[in-house]
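Some notes on the structure that comes next.
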Amino acid sequence: LDLGKLKNETIRAIKYVVEKYPTQSVIIVGHSMGGSIATKCFDQVLKQNQGEKWASHIKGLFIIDVVEGSAMDALPHMEAIVK
């Protein structure tokens, strides 16, 4: 399982949605391991893509029931990312 690839594919999907619906806001939602991926995507967008117009469409992050292996690895970073 390549979390980097999952993260990059998710970011590509978000960009696609923003291009297709340019007047809409985007909320990233992840459940379980998807919560870890959602958090990593949100973090990358905030740190690396903040100045890009598409990134300003992301208005929120919801993580649900994040308790599994790789998801647990992201937990120590989630408080800082959410702030």
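Just checking, how many residues over the stretch 14-42 are open to solvent by less than 50 Å² (accessible area, probe 1.4 Å), at negative phi and either in a loop (DSSP other than H, G, I, E, B) or of a type in the set (A, V, I, L, M, F, W, C) (or both)?
Looking only at that region, the number is 8.
Of all residues in the stretch 1-21, those that are under 10 Å from Ile37 (Cβ atoms) and touching a residue at least 24 places away in the same chain (Cβ under 8 Å) have Cβ atoms under 6 Å from Cβ atoms of residues that are surrounded by 11 or more Cβ atoms within 10 Å (Cβ to Cβ) and among the small types (Gly, Ala, Ser), 6 or more apart or on another chain, in Leu3/Ser70. In the stretch 1-13, of all residues being part of a helix (DSSP H, G or I) and more than 9 Å from the chain's Cα centre (by Cα), the one that is nearest to Asp73 (Cα to Cα) corresponds to Leu3. The residues of the stretch 43-75 that are in a helix (DSSP H, G or I), exposed (fewer than 12 other Cβ atoms within 10 Å of the Cβ) and modelled with pLDDT of 70 or more, listed by number, are Lys47, Gln48, Lys53.
The values are calculated or read from the model by the stated rules, or taken from the named source; none is laboratory data. Keep in mind that what you see is a predicted model, and the values were worked out from it rather than measured. Using ideal geometry, Cβ is built from the backbone for each residue, glycine included, and neighbour counts are taken over all protein chains shown. Just the protein is used for accessible areas: all its heavy atoms, side chains included, with ligands, DNA and RNA removed. Shrake-Rupley method; radii C 1.70, N 1.55, O 1.52, S 1.80 Å.
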